[in-house]
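**Q** Just dropping this structure here.
The values are calculated or read from the model by the stated rules, or taken from the named source; none is laboratory data. Values in this document were obtained by computation on a predicted structure and should not be read as measured data. For neighbour counting, all protein chains shown are included, and Cβ atoms are generated from backbone atoms with ideal geometry for every residue, glycine included.
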Amino acid sequence: MKSYTLHGRDGEVTFTGEVLGESSSQGQRHNHPGDVSPSRSRDQKCNACRWQETTIYGTSSGDFIAFTVGRSTLPGEVDFANVVQTDSARELVDRLIVKSAARPFIPAPAARALAQAADLDDDIADAYDNRPVL
């Protein structure tokens, strides 16, 4: 196991653990001319300019940690990081669900990281397989 320190919007979390799953939606090619999106609008969908990353950890104390980061290369924008720590696999899955959308969903990077973690942890596998949204 390895020691980690994660910085989220609510502060810093330090723990010993291992990566159970990780995924990113970062693209390699821009869908617009040039290297920087001409629009700073949230409606501009270029996953080489803005993307999400999710890493799921299992800690030495038996907790699960989900580290999600919204990344941006656009001038004036900063990364937005969130750390969720819980001893419940079901809560871990629940906290990765975006409920503010018209139809709740798990973002693709989080779903891929959960699927990887499910291969390594039976509790996450059960929570992932029986999740309330697809």
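**Q** Give me the pairs: first residue in region 1-15 and on the phi < 0 side of the Ramachandran plot and surrounded by 10 or more Cβ atoms within 10 Å (Cβ to Cβ), second residue part of a strand (DSSP E or B) and at pLDDT below 90, beta-carbon distance under 7 Å, and six or more apart or on different chains, which are they?
**A** none
**Q** Those residues that are hydrophobic (A, V, I, L, M, F, W, C) and modelled with pLDDT of 95 or more, I need them from region 1-30; list them, please.
**A** 6, 13, 15, 19, 20
**Q** Where the second residue is aromatic (Phe, Trp, Tyr) and part of a strand (DSSP E or B) and the first is over 18 Å from residue 122 (Cβ atoms) and without any contact (Cβ under 8 Å) to a residue 40 or more places away in the chain and lies in region 59-71, which pairs have Cβ atoms under 8 Å and are six or more apart or on separate chains?
**A** Here the result reads 69/80; 70/51; 70/80, each pair linking region 59-71 to a residue that is aromatic (Phe, Trp, Tyr) and part of a strand (DSSP E or B).
**Q** Is it the case that some residue within region 103-124 is assigned to a loop (DSSP other than H, G, I, E, B), small (Gly, Ala, Ser) and modelled with pLDDT under 95?
**A** No, region 103-124 contains no residue that is assigned to a loop (DSSP other than H, G, I, E, B), small (Gly, Ala, Ser) and modelled with pLDDT under 95.
**Q** Right, next: What are the residues in region 87-118 that are of a type in the set (D, E, K, R), farther than 17 Å from residue 63 by Cα and without any contact (Cβ under 8 Å) to a residue 40 or more places away in the chain, if any?
**A** 99, 103, listed by residue number.
**Q** So how many residues does region 60-112 have that are of a type outside the set (Phe, Trp, Tyr) and closer than 17 Å to residue 10 by Cβ?
**A** Residues in region 60-112 being of a type outside the set (Phe, Trp, Tyr) and closer than 17 Å to residue 10 by Cβ: 18 in total.
**Q** Another question about this same structure. Can you confirm whether region 69-78 contains a residue that is surrounded by 14 or more Cβ atoms within 10 Å (Cβ to Cβ), assigned to a loop (DSSP other than H, G, I, E, B) and among the polar types (S, T, N, Q)?
**A** Yes; the residues of region 69-78 include at least one that is surrounded by 14 or more Cβ atoms within 10 Å (Cβ to Cβ), assigned to a loop (DSSP other than H, G, I, E, B) and among the polar types (S, T, N, Q).
**Q** Now for a different question. Looking at (1) surrounded by 16 or more Cβ atoms within 10 Å (Cβ to Cβ); (2) within 22 Å of residue 3 (Cα to Cα); (3) among the β-branched types (Val, Ile, Thr), can you tell me which one residue 93 breaks?
**A** Failed condition: (2).
**Q** Whether any residue in region 47-60 is assigned to a loop (DSSP other than H, G, I, E, B), modelled with pLDDT under 95, buried (at least 17 other Cβ atoms within 10 Å of the Cβ) and not small (Gly, Ala, Ser) is what I want to check.
**A** Yes: region 47-60 contains one or more residues that are assigned to a loop (DSSP other than H, G, I, E, B), modelled with pLDDT under 95, buried (at least 17 other Cβ atoms within 10 Å of the Cβ) and not small (Gly, Ala, Ser).
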